[in-house]
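Bear in mind these aren't lab numbers, they're just calculated from the coordinates by the rules spelled out. Source: prediction; values computed, not measured. A quick note on method: Cβ atoms are made from the backbone with ideal geometry, for glycine too, and the neighbour counts reach across all protein chains shown.
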Protein chains: 2
Amino acid sequence: MQIAIVLFDRFTALDAVGPYETLGRLPDSEVVFVAEQTGPVRADSGSLALIADRTLAEVPNPDVLVVPGGPGQTPQMENRALLDWIRAADATSTWTTSVCTGSLLLAAAGLLEGRRATSHWLALDELRKFGTEPTGERVVTDGKYVTAAGVSSGIDMGLALIGRIAGDFVAQAVQLGIEYDPQPPYDAGSPQKAPAHLVEEFRSKSRFILT
Amino acid sequence: MQIAIVLFDRFTALDAVGPYETLGRLPDSEVVFVAEQTGPVRADSGSLALIADRTLAEVPNPDVLVVPGGPGQTPQMENRALLDWIRAADATSTWTTSVCTGSLLLAAAGLLEGRRATSHWLALDELRKFGTEPTGERVVTDGKYVTAAGVSSGIDMGLALIGRIAGDFVAQAVQLGIEYDPQPPYDAGSPQKAPAHLVEEFRSKSRFILT
């Protein structure tokens, strides 16, 4: 099973690495990081680069497609080469997935029309422009399309997808292997749980005030 | 505030990216990925490489030191250059931290003697060899030493440390920004919670049966 994770300039690193660290542990799987060109791709902070080992053209038929988000998603909405590749890869994929604002790229490629999906909580409303019904759920599965909420949710999505692909035992083994027994020291991880004035501050500024 | 995250061959990617995605959002901070040589450093799976932008020698005095773990930690226990750098960086650091088996490298550098610390659940007992008291907690703070449990725990550690450095509001803002509202689809993330036969399978084989 080939799992392709797409990189583009100013993606959010954990959007890509959460699915990698889970799905990459599927038995008999191969993860490949792809981008328009091979070589280093800088994440949104500028202080981290991941290597794309293959070009999009070299990986035309992945079984699982993972599209991350991040501040760099906005310019990609006009990137015909990327959107065409997403559409073509989706035509033969078993699962087409996204984390954070990566769902807007799936939507821009025309794949989420009439479907339910999620995204980073600040970007949920944008899904409506593409005829997609946003939900506040952390991981949303609609047919073969699996979208996850903001940044860290790609870990939950990866485990859920492993369960679908390889069964509960393998998913539990991966969870135990990465010791995913989350104990956040605060309970502010969603707009429903965070202090209201903090949510307001995010909404009144830009999407990612702290990057 | 300069945050140095160490890379070495066959590190576990999420060990490094969890702290990066949290601590990297501290206002007025700079994250730098360091290794013995600059350039790509392959993670344990072989399918992902992160770029080290600076050599160890170029970053002698980080304020925060982050040491990840992974299968590649074992050979590093004999790497005098790395251990010497960790010791020297620690001499002036404000916080010295690790994720997963990175705590064994801190211990091998002589920094955890007589202290409490944690590590990946399968490696906890190894801490005793260095006069360190292992705990099953997810994040352990002993003086300026903050150690985190396996792989995914670096996210919890990062948030806890942000709280200490910049206060609760900033930590909550980072949690909300990365939408860290974990909802694992299984409850098998620790040896206490996972099915007993799965824990046994891990213990009877090697540390990382799924990588």
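Structure remark: mean-square fluctuation, Gaussian network model of chain A, C-alpha springs under 10 Å; the largest value among A:Phe33, A:Phe130, A:Phe169 belongs to A:Phe169.
When A:Val140, A:Val17, B:Val41 are sorted by how many other C-beta atoms sit within 10 angstrom of their C-beta, beginning with the fewest, the order is A:Val140, B:Val41, A:Val17.
Plainly put, the tip 7 Å out from Cα toward Cβ on B:Glu201 is 4.5 nm from that tip on each other copy, the closest given first.
If you place +1 on the Cβ of every Lys and Arg, -1 on the Cβ of every Asp and Glu, and leave all else neutral, what size is the dipole of the stretch B:65-211 about its Cα centre, to the nearest 20 Debye?
Values: 13 positive and 16 negative charges, 66 e Å.
Roughly 320 debye, rounded to the nearest 20.
By the count of neighbouring beta-carbon atoms within 10 Å, fewest first, B:Leu124, A:Leu176 end up ordered B:Leu124, A:Leu176. Taking one quarter of the surface of the convex hull spanned by the alpha-carbon atoms of the stretch B:59-100 gives a direction-averaged projected area of 2.9 nm².
So which GluC sites (Glu not before Pro) in the stretch B:37-115 end up in coil per DSSP with only 12 or fewer other C-beta atoms within 10 Å? Walk me through the numbers before you get to the answer.
Values: sites: B:Glu58, B:Glu78, B:Glu113; in loops: B:Glu78, B:Glu113.
Listed in order of number, the matching sites are B:Glu78, B:Glu113.
Of all DSSP beta bridges confined to the stretch B:2-183, the antiparallel ones make up roughly 30%. Plainly put, the tip 7 Å out from Cα toward Cβ on A:Pro75 is 3.8 nm from that tip on each other copy, the closest given first.
Ratio of alpha-carbon Rg to the 2.2 N^0.38 Å globular estimate for the protein assembly as shown, to two decimals, please.
On the way: Rg = 20.0 Å, N = 422, 2.2 N^0.38 = 21.9 Å.
Working it through for the protein assembly as shown, the quotient is 0.91.
On a per residue basis, the convex hull of the C-alpha atoms belonging to chain A measures out at 118 Å³.
Here the spin labels are modelled as points 7 Å beyond Cα on the Cα-Cβ line, and at A:Glu113 and B:Gln37 they lie 5.1 nm apart. When the Gaussian network model of chain A links Cα atoms closer than 10 Å, the mean-square fluctuations of A:Gly46, A:Gly72, A:Gly150 top out at A:Gly46. Students often forget the sequence filter, so: which aspartates and glutamates lie under 12 Å Cα-Cα from A:Lys144 once same-chain residues fewer than 8 apart are removed? Candidates past the 8-residue exclusion: A:Asp63, A:Asp90. Each Cα pair under 8 Å and six or more residues apart adds its separation to the average, and for the stretch B:2-183 the resulting relative contact order is 21 percent. Pick out, from B:Leu161, B:Gln183, B:Val139, the residue whose Cα sits farthest towards the positive end of the charge dipole of the stretch B:124-202, with +1 on the Cβ of Lys and Arg and -1 on the Cβ of Asp and Glu. Going by the Cα projections, it comes out as B:Leu161.
For the protein assembly as shown, what proportion of DSSP beta bridges, expressed in % and rounded to the nearest 5, is antiparallel? List each step's numbers first, then the result.
Details: 17 of 59 bridges.
Of the beta bridges lying entirely in the protein assembly as shown, close to 30 percent run antiparallel.
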